[in-house]
Amino acid sequence: MAEEQVAAGQEQQPAFGIEKIYIKDLSLEIPNAPQIFMERTAPQVGIELSNAVNKLDEGIYEVVTTVTVTSKIEDKTVFLVEVAQAGIFQVRNVPDENLEVILSVTCPNILFPYVREAVSDTVTRAGFPPVLLNPINFEALYAQQKQQQEADAAAATTH
């Protein structure tokens, strides 16, 4: 009976685990090749980032961090790379208020080095100098999103 209580107690412990990390989607476009390789002007690089969470099962979540890097010279696209880096995470026995932070901050922090490497490798293989993404503070992004949601909710209730 004591063993059953120990087992039951372990089941109630918070648990976090990485089940799988993988590239869900990867695309590269060089619409102006081969002429673009003759350009000597330094391109402008733009970066977009997004995160998505899908609940797969009880305590099992897929988190996808997508980064789109667009390089342009004036109005000509040099290249466009999009990487959707995904992970399947086990998150059990965590209070709801902590679950959102884990899925919005902790999981993207784990995925980001992989997406960073995939972007750099893809751009290099395409014949361009590597694009090294700067570290991202997912905690600050999460706080910013929460503030925006609260402001939107406050605005909606005053109308």
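The values are calculated or read from the model by the stated rules, or taken from the named source; none is laboratory data. It should be emphasised that the depicted structure is a prediction, and the values quoted were computed from it without experimental measurement. Backbone-built Cβ (ideal geometry, glycine too); neighbour counts: all protein chains shown. Ligands, DNA and RNA are excluded from the accessible area calculation, which covers all protein heavy atoms including side chains. Shrake-Rupley method; radii C 1.70, N 1.55, O 1.52, S 1.80 Å.
Structure values in brief
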| quantity | calculated |
| --- | --- |
| Accessible area expressed per residue, the chain, with surrounding protein chains retained (probe 1.4 Å, Å²) | 65 |
| Eligible lysines near Lys20 by straight Cα distance, threshold 22 Å, same-chain separation 8 or greater | Lys55 |
| Heavy-atom accessible surface of segment 30-126: percent carbon and sulfur, 1.4 Å | 48 |
| Exposure rule at most 15 other beta-carbon atoms within 10 Å, DSSP loop GluC sites (Glu not before Pro): the chain longest free segment | 75-159 |
| Estimated inter-spin distance, Asp25 and Glu150, nm [label 7 Å along Cα→Cβ] | 3.3 |
| For segment 34-157: span of alpha carbons on each principal axis (Å, largest first) | 56, 36, 21 |
| In degrees, nearest ten, helix 2-11 long axis to first principal axis of the chain (Cα) | 30 |
